[in-house]
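Some notes on the structure that comes next.
Bear in mind that the values in this text are calculations on the coordinates, not laboratory data. Keep in mind it's a predicted model, so treat the numbers as computed, not measured. With ideal geometry, Cβ positions are generated from the backbone for all residues, glycine too; neighbour counts draw on all protein chains shown.
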Amino acid sequence: MKYLTLEENAKRIKNINDAHKETKAYTVRHRIDDYMPGQATYSLGDYPEKFSIEPTEYDYNLLKKLSDSGAQLIQIHEEWNDALRHLGADKFTSHDEKGLHNFVDLCHNFDFKVLPYISTGYFNEYDPDFKEDFAKGPYNLRELYYSFRRCNPGSASWREYLLPRTFDVVDKYGFDGIYNDWGYDGFHIAWDNGDYDENGIYDIAYDPEIEDLLCLIYNEVKKRGGIYKLHCGGNNAPNTKDKVYDYLWIGEAVDAKGVGVGKTYAPYIIPCHHMSFSKEGKKTNYFAKTIPFLQFPLLKIGRPMTGGAYSEAVKCPDITMYPHPDGGKWFEQEVYEYMQEHPDGPYVYSLWSSIPDDVTEFDTWSKYLALYKPMVTQSSVCYIEVRESEEILSKIPQDVYASLFVNENMYYVISNLGNEPCEITFKNTWLNRESGEAGKTFTIPGGEMIFLIKQD
């Protein structure tokens, strides 16, 4: 806990009271507790191609740079394990155990929390350990080189197999929790039925079996002092009555056209701009669509993709290649073809990237993280999507989104997602934290965002 001076305590008390009195209409209010907004997915290699996880000078320098930016949490995707048993390991064992241990140790040296990919549902249906009673139906995820069944949360034999192996992974490699890609068969049923909206949000029925499985894992992670991140696919949250995550990752395989998607979900939401699904791509200000809603985007970083995932799958007789359902190319194939023509970059760093990645992404992400973190310190109070306030004298247009963050200081972040400039006038004097401009009236260009701090 940070202990405040007499003056800081007095200022905080005034701010909390003023915000409560003046903020009349808003979508949701949250108090910050154990929030790590600076999160990144870190690519280790192009599985199923054989590669070393042993950290290199490149990893050291990149992790140091990431740490210096204020990031606190790293998630690694499934390339840490051997889901196809192609490299002599398995779904719950690393193909480079020593290298993985050393990579986790290096991350810990920079005070990162490290979460591995685990799934409570996805499992290779051709794995020798797979049993038909793990799954209830034929629901699977079949892409490029894998055919994963969506195992059933109500299967006793699946739970018996899954749970001890899941926590053996955490203990064996020294991870700080779990990133769970749930692979839920009920999600697949809603998908098949077309029960989803334009933002990729599905009508998922309440299911006490998936809730119970998620709770068992969440509570065990918390008992160990760990962190639990959940991914349900698209922009979805689990339909549960109990708390089943610390962080919810949204945005995969959907267009980023929505504004504030997930703003009413339980915190904390980690949005990912899935560039290959984004029609606007780099032209959209993804930060302006997320930050006012207490959401800070996931950074895509790590070792450059080589295209080896595709080339290895093509040349190995023990790996089955699956055609793209639309007759197109898998993302990994597009990366491979790009790298044949651009071996020296610019590079691609994740499955959720553009080809290539935006070379300015890290700097932009770091800039916004530095602005965001002071607003969401422990026990800060956040009023999300303010629509009426005694402090804001202007009428707030529908395509303008203002949120108030309160601690020892008072912060407003305002996004104008309309096409025309918008003028906002305040009762008191505020300072633009980027430009240094102080005043009571600010003009926000269309598609842009400003960060303000109240002046005494």
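Tabulated results
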read-out	value
Dipole magnitude (debye, nearest 20) for the chain, charges at Cβ of Lys, Arg, Asp, Glu	1520 debye
Proximal aspartates and glutamates relative to LYS367, as straight alpha-carbon distance under 13 Å, when same-chain residues fewer than 8 apart are discounted	ASP68, GLU434
Lysines whose Cα lies under 19 Å from that of LYS50, excluding same-chain neighbours fewer than 8 positions away	LYS91, LYS98, LYS315
Helix-derived mean residue ellipticity, 222 nm - over the chain, DSSP H n ≥ 4, -39500 (n - 2.57), to 500	-8000 deg cm²/dmol
Neighbour-count order for GLU209, GLU132, GLU280, fewest beta carbons within 10 angstrom listed first	GLU132, GLU280, GLU209
Where Rh is the Kirkwood radius over Cα pairs, Rg/Rh for the range 155-275	0.97
Overall form of the range 298-456 per C-alpha gyration tensor (a/c, 1.5; a/b vs b/c)	prolate
Cβ-based net charge around VAL386, under 15 Å, with every Lys or Arg adding one and every Asp or Glu removing one	+1
Percent antiparallel among DSSP beta bridges (both partners in the chain, rounded to 5)	65 percent
Charge sum, other residues only, whose C-beta stays under 11 Å from ASN81's C-beta, Lys/Arg counted +1 and Asp/Glu -1	-3
Answer label, with volume of the Cα convex hull per residue in Å³ calculated from the coordinates and candidates (1) 273; (2) 174; (3) 153	(3)
Mean Cβ neighbour count within 10 Å, used as a protection proxy, ranking 31-39, 44-52, 75-83, 317-325 highest first	75-83, 44-52, 31-39, 317-325
Charge tally in the Cβ shell below 14 Å around TYR126, where Lys, Arg are +1 and Asp, Glu are -1, TYR126 excluded	-2
Sparsely packed chymotrypsin sites (Phe, Trp or Tyr not before Pro) within the range 198-287, loop by DSSP, other Cβ within 10 Å at most 13	TYR206
Fraction of beta bridges assigned by DSSP in the range 172-302 that are antiparallel (%, nearest 5)	15 percent
Which of TRP158, TRP182, TRP191, TRP330 has the fewest Cβ neighbours within 10 Å, and the rest in rising order	TRP191, TRP330, TRP158, TRP182
LEU4 versus GLU341: modelled label distance in nm, points set 7 Å from Cα along the beta carbon direction	5.7 nm
Anisotropy class of the range 151-196 from Cα gyration tensor, a/c 1.5 cut	oblate
Eligible lysines near LYS2 by straight Cα distance, threshold 22 Å, same-chain separation 8 or greater	LYS11, LYS14, LYS113, LYS373, LYS454
Neighbour-count order for LEU73, LEU393, fewest beta carbons within 10 angstrom listed first	LEU393, LEU73
Cβ-based charge dipole, the chain, positive-most Cα from LEU452, ALA253, SER52	LEU452
